[in-house]
Amino acid sequence: MAQVYLQDEQEEQIRLNMPQNVIIKRYAIVSAGRYIAPHGRNCLVIAGKHFLESEDSEIFFSSLTLKSVDFETEEYAGGEPEVSSVDGIVGRHRGGRFDCVVGIGGGSVIDTAKAVSGMLANDGGVEQYLELPGREIMRNSPLPFIAIPTTAGTGAEATKNAVIKNGALRYKKSFRDERLTARCVIIDAPLYTGAPGEVTAFSGMDALTQLVEAFTSNYANGRTDEFCRQGFRHIRYLAAAYSDPGNISAREETALAAYKSGVAISNAGAGAVHALASPIGAHTGLAHGLICGILLPRIMEINKPYALKKYAEIGRLITGNSDSDDEIMAEAAIAAVGSLARALKIPMSFHDERLNKLSAAIVGECINGGSMRSNPAAFDEEFWKAFVVEMSK
Ligand SMILES: [Fe+2]
């Protein structure tokens with residue numbers, strides 16, 4: 001991963017963790033072998049079913065062969081990454097010939113491949129390394145990891161963590177280490193055109209949430225803010241990518257929004273939406289991006305007085321309106337996010353009684369976590385429990 005040291009306006013040193021090489025090029029898949037070969041000659045390719053059944057996969061594998069890159073394929077089983085699925089792949093290949101791992105697919109595939117790249121070089125099961133009490137730190141550096149995303153959402157291609165769930169124990173935790181950051185990312189807009197409408201909507205709302213939360217985080221800095229500002233301009237095209245799936249320009253814009261949201265959130269931290277999204281997802285099984293889309297407009301209203309200037313700037317960036325009144329533009333930001341969510345058919349609340357009963361457990365699992373600490377407004381456990389109950393209706 002690249003360790004970029006920069007000086008901000010206050011001459012304070014800021015270190016950004018981000019991928020070393022990012023190729024943003026339409027039809028880059030045709031020459032993927034050229035970008036992958038410098039990182040390894042024996043690749044374990046983990047890919048989604050949709051990709052493996054597409055013509056793109058033949059083009060991709062031919063490009064590897066052309067550059068004398070040997071490979072073996074693991075088809076991703078679907079759903080969100082599970083401890084058992086990561087350990088299963090690692091169990092089949094640890095001690096084998098691989099010297100790099102490629103992940104091609106949505107955020108779950110990318111996160112799985114990222115975790116596998118770490119675990120192939122280390123002992124034990126992935127659960128030992130998740131952010132749980134007594135977790136272990138990787139002794140050895142991961143195998144080089146190359147990310148080729150096909151959905152625009154989590155920004156997993158840019159982050160240093162993989163979110164892994166234990167379905168039986170109902171938790172989701174991160175496998176986090178700066179060394180897990182991708183060595184190379186290939187952003188090839190036509191690959192995103194196959195994402196179904198619901199996936200485009202949910203993942204796009206995840207990217208938007210990440211931009212809002214990183215921009216208003218207590219740990220934001222001048223450099224992460226710049227990634228967010230660019231991301232807000234890109235995310236304007238989300239409605240177009242949803243209504244016109246084959247629109248390659250709109251797909252490219254949303255892909256860049258997702259990538260930049262990943263860099264921003266990985267370095268500035270998240271906020272209350274992501275804090276609550278992990279336990280809500282673990283307990284209900286709802287898609288991460290859907291949960292983000294439901295929570296975001298309401299949590300923006302809650303946070304607005306505590307980050308008014310940043311919210312006003314978001315309003316200006318996503319609406320294109322340059323009104324100088326911060327209150328008006330912060331309201332415009334919330335209204336724009338709400339109307340985008342409605343256009344993408346995201347409901348305004350969960351309508352799920354389970355959340356009412358689980359509110360104490362959900363809030364208990366996230367109130368002391370990093371994402372709550374980076375949220376601009378600090379509220380106690382009772383406040384967030386009442387909020388979860390309200391959102392269950
Ligand atoms: Fe997210």
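Go through (1) surrounded by 24 or more Cβ atoms within 10 Å (Cβ to Cβ); (2) more than 16 Å from the ligand (Cβ to nearest atom); (3) over 25 Å from ARG26 (Cβ atoms) one by one and return the number of the condition ALA312 breaks. Exception for ALA312: condition (1).
Considering only region 336-352, I want to know if a residue exists there that is assigned to a helix (DSSP H, G or I) and over 27 Å from GLY285 (Cα atoms). Spell out the reasoning first.
If we filter region 336-352 for residues that are assigned to a helix (DSSP H, G or I), which is where we start, we get 336-343.
Add one more test, that the residue is over 27 Å from GLY285 (Cα atoms), and what stays is 336.
Checked against the condition, which is being assigned to a helix (DSSP H, G or I) and over 27 Å from GLY285 (Cα atoms), region 336-352 yields at least one hit.
In the list GLU213, GLU157, which residue meets the criterion of being part of a loop (DSSP other than H, G, I, E, B), within 15 Å of the ligand (Cβ to nearest atom) and under 23 Å from ASP111 (Cα atoms)?
Values: GLU213 fails: part of a loop (DSSP other than H, G, I, E, B).
Answer to the check: GLU157.
Please state which one of GLU327, GLU313, GLU331 is of a type in the set (Asp, Glu), within 21 Å of TYR219 (Cβ to Cβ) and at pLDDT 95 or above. Working first, answer last.
Numbers: GLU327 fails: within 21 Å of TYR219 (Cβ to Cβ); GLU331 fails: within 21 Å of TYR219 (Cβ to Cβ).
Of the residues listed, the single one that is of a type in the set (Asp, Glu), within 21 Å of TYR219 (Cβ to Cβ) and at pLDDT 95 or above is GLU313.
If only residues of region 21-54 that are at pLDDT below 95 and charged (D, E, K, R) are counted, the one that is nearest to LEU120 (Cα to Cα) is LYS49. Could you please let me know if PRO376 is in the same structural domain as GLU213 (by TED's automatic domain parsing), surrounded by fewer than 17 Cβ atoms within 10 Å (Cβ to Cβ) and either part of a loop (DSSP other than H, G, I, E, B) or acidic (Asp, Glu) (or both)? The answer is no for PRO376. In the set (1) within 15 Å of the ligand (Cβ to nearest atom); (2) crowded, with 24+ Cβ neighbours inside 10 Å, PHE175 fails one condition alone, (1). Only residues that are under 12 Å from the mean Cα position of the chain (by Cα), part of a helix (DSSP H, G or I) and within 10 Å of the ligand (Cβ to nearest atom) were counted across region 249-282, and they come to 5. The single condition among (1) surrounded by 24 or more Cβ atoms within 10 Å (Cβ to Cβ); (2) in contact (Cβ under 8 Å) with a residue 40 or more places away in the chain; (3) not in a loop (DSSP other than H, G, I, E, B) that ALA182 does not satisfy is (3). Pairs linking a residue in region 268-296 that is over 18 Å from ALA152 (Cα atoms) to a residue that is within 9 Å of the ligand (Cβ to nearest atom) and hydroxyl-bearing (Ser, Thr, Tyr), with Cβ atoms under 8 Å and 6 or more positions apart or on different chains, are VAL273/THR209; LEU295/THR209.
Being surrounded by 24 or more Cβ atoms within 10 Å (Cβ to Cβ), farther than 20 Å from ASP56 by Cβ, among the small types (Gly, Ala, Ser) and modelled with pLDDT of 95 or more is the requirement here; does SER117 meet it?
On the way: surrounded by 24 or more Cβ atoms within 10 Å (Cβ to Cβ): yes; farther than 20 Å from ASP56 by Cβ: yes; among the small types (Gly, Ala, Ser): yes; modelled with pLDDT of 95 or more: yes.
Yes.
Set side by side, the residues ALA162, ALA77, ALA168, ALA152 differ, and just one is assigned to a loop (DSSP other than H, G, I, E, B), within 16 Å of the ligand (Cβ to nearest atom) and outside the structural domain of ALA275 (by TED's automatic domain parsing), which is ALA152.
The values are calculated or read from the model by the stated rules, or taken from the named source; none is laboratory data. Note that the structure is predicted; figures quoted are calculated from it, not measured. Counting neighbours? That spans all protein chains shown, and the Cβs are built from the backbone with ideal geometry, glycine included.
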